[in-house]
Amino acid sequence: PNMDDWRKFLQMMNYLNVTRQDKLYLSVDDITVIKWHVDASFAVHPDYRSHTGGTMTMGTGCTTTTSRKQKINTTSSTEAELVGAHDMLSPILWTRLFIEAQGYAVNHNILYQDNKSTILLAENGKRSSSQRTRHFNIRYFFITDQIEQGKIEVNYCPTESMTADYMSKPLQGALFADHKKNIMGSPPIELDAQECVAC
């Protein structure tokens, strides 16, 4: 540890002190719609591994948040995003099964993604693969199978509206505050309906 680490530690402790009274507000808009935001930061760790962040909501506030280092090295941001989506697939599918076991039908289990190349690879599998993506491990196309079976949908969400950024990047300023409000259940930021339908 050095003086910079000490400064970061003090800043974190001050933030925890200031926000200790914050409350998490949760509500459900539609029990049949589950929304997941999944994002990855490419090669941000000292060993050049990427980092996955994810959130789940059914209305106001996020009931599930995830932030974890990826277990393999990736060679591009697209691959990191695909690995991140794969990493989140277990809780995405489990949550659907849990809600259905309670007697509710899940009409939409949506995974929001801000990388259009990743969306194409997830939806089309190797059919969308090029020379740059031929090396992707076939297990990361399990998501393609789940999409074809109708168990999940993958939709585009612009980066500035990607709540999972809060879990994968060191955000600052207004973007940090906006994502925190979304996670904690405060009124959501205004979104462009054409860019992010039901995001």
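The values are calculated or read from the model by the stated rules, or taken from the named source; none is laboratory data. Not measured: the values here are computed from a predicted model. Cβ atoms come from the backbone with ideal geometry, glycine included; neighbour counts cover every protein chain shown. Remember, those area values only see protein heavy atoms, side chains included, never the ligands or the DNA or RNA. Shrake-Rupley method; radii C 1.70, N 1.55, O 1.52, S 1.80 Å.
What to note about this one:
- Mean accessible surface per residue for segment 1-97, computed with a 1.4 Å probe while every protein chain stays in place, in Å²: 58
- Net +/- balance of residues flanking Lys71 in space, Cβ distance below 10 Å, scoring K and R +1, D and E -1: +2
- Shape metrics for segment 35-108, restricted to C-alpha atoms - Rg then Dmax, Å: 14.0, 46
- Spherically averaged projected area of the convex hull of Cα atoms, the chain: 12.7 nm².
- Efficiency of FRET from Cβ geometry, Glu153 and Ala174, R₀ 35 Å, rounded to 0.05: 0.75
- Residue-count net charge about Tyr15 - beta-carbon cut-off 14 Å; Lys, Arg +1, Asp, Glu -1: +3
- Long pairs among Lys69/Lys169; Lys23/Lys180; Lys116/Lys181, criterion Cα-Cα beyond 20 Å: Lys116/Lys181
- Share, in percent, of DSSP beta bridges within the chain that are antiparallel, nearest 5: 60
- Between Asn124 and Ser90, the contour length at 0.36 nm per residue exceeds the Cα-Cα span by 10.3 nm.
- Under a Gaussian network description of the chain, with springs only between Cα atoms under 10 Å, the residue in Gly103, Gly185, Gly53 that fluctuates furthest is Gly103.
- About the centre of its Cα atoms, the chain shows a dipole size close to 640 debye [charges on the beta carbon of Lys, Arg (+1) and Asp, Glu (-1) only; nearest 20 debye].
- Positive-pole candidate from Gln21, Val38, Tyr48, dipole of segment 1-85, charges at beta carbon: Gln21
- Dipole magnitude of segment 1-60 about its Cα centre (Cβ charges: Lys, Arg +1; Asp, Glu -1), debye to nearest 20: 180
- Between Met167, Met13, Met88, the residue with the greatest mean-square fluctuation in the GNM of the chain (Cα pairs under 10 Å linked by springs) is Met13.
- Carbon plus sulfur fraction of accessible area for the chain, probe 1.4 Å, in percent: 56
- When the charge dipole of the chain is built from unit charges on Cβ atoms (+1 for Lys and Arg, -1 for Asp and Glu) and taken about the Cα centre, the candidate among Ser90, Thr159, Asn109 whose Cα reaches farthest toward its positive end is Ser90.
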